[in-house]
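Encoded as structure tokens, the structure appears first; notes follow it.
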Amino acid sequence: MTGIPIVDIIASIGGLIIPPAVDFIKKKFISGEADTPERTAATLATTKPEVLPAFMTAIAGLKVTEIQFFNRDVIGTPSRWVVDLRAAIRPLIVCAALACLGTEALGYMVLNDGTRVTFELLCSSWFGSRITLR
């Protein structure tokens, strides 16, 4: 690798800045959903209390359905090693990418340009997702 190509700089800085910037924009400029089940239940309690029990039963059924859909690939409680493996996948990939970038920087390995930029984007976006702007 001779010098630092502009694509590497863009990928690294973009991956570092884009996740917290998107999070900041969502928090500051995009308002949350105005109509929530809790707000609707509060309105029904004051305006039409006779339909509130049916509404609450419908919301409870919706939540049960959402939970079943979310857990459709897991039957029962997953074992601890499965939970730990799922939690470790992204940090392991970032560590492997950092190791590959480090060995290339030391001159022991030559990475393809696309692979190097992908590794840089992976690492910088992982670090960028850890930055929180208030």
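Regarding the stretch 43-60, can at least one residue be identified that is among the hydrophobic types (A, V, I, L, M, F, W, C), part of a helix (DSSP H, G or I) and under 19 Å from the mean Cα position of the chain (by Cα)?
Taking every residue of the stretch 43-60 in turn, none turns out to be among the hydrophobic types (A, V, I, L, M, F, W, C), part of a helix (DSSP H, G or I) and under 19 Å from the mean Cα position of the chain (by Cα).
Restricting to the stretch 61-92, and then to whatever is part of a loop (DSSP other than H, G, I, E, B) and among the hydroxyl-bearing types (Ser, Thr, Tyr), can you tell me which residue is nearest to Ser125 (Cα to Cα)?
Ser79
Please specify each residue of the stretch 21-42 satisfying the condition of being more than 18 Å from Gly128 (Cβ to Cβ) and part of a helix (DSSP H, G or I).
Matches in the stretch 21-42: Phe29, Pro37, Glu38, Arg39, Thr40, Ala41, Ala42.
Take the residues in the stretch 60-88 that are loosely packed, with under 10 Cβ neighbours inside 10 Å and among the basic types (Lys, Arg), then tell me which one is modelled with the lowest pLDDT.
Arg72
Using the structure shown, decide if Leu111 is on the phi < 0 side of the Ramachandran plot and in a helix (DSSP H, G or I). Don't jump to the end; show me each part of the working.
Working: on the phi < 0 side of the Ramachandran plot: yes; in a helix (DSSP H, G or I): no.
When the stated conditions are applied, Leu111 does not pass them.
Of all the residues that make up the stretch 90-132, how many are among the aliphatic types (A, V, I, L, M) and exposed (fewer than 14 other Cβ atoms within 10 Å of the Cβ)?
8
Condition (residue is surrounded by 10 or more Cβ atoms within 10 Å (Cβ to Cβ) and either modelled with pLDDT under 85 or touching a helix residue (DSSP H, G or I) at 6+ places or on another chain (Cβ under 6 Å) (or both)) applied to the stretch 32-41: is it met by at least one residue?
Yes.
Among the numbered criteria (1) farther than 21 Å from Pro5 by Cβ; (2) in a helix (DSSP H, G or I); (3) under 18 Å from the mean Cα position of the chain (by Cα), which one does Ile131 miss?
Of (1) farther than 21 Å from Pro5 by Cβ; (2) in a helix (DSSP H, G or I); (3) under 18 Å from the mean Cα position of the chain (by Cα), only one is false for Ile131: (2).
The values are calculated or read from the model by the stated rules, or taken from the named source; none is laboratory data. Source: prediction; values computed, not measured. Using ideal geometry, Cβ is built from the backbone for each residue, glycine included, and neighbour counts are taken over all protein chains shown.
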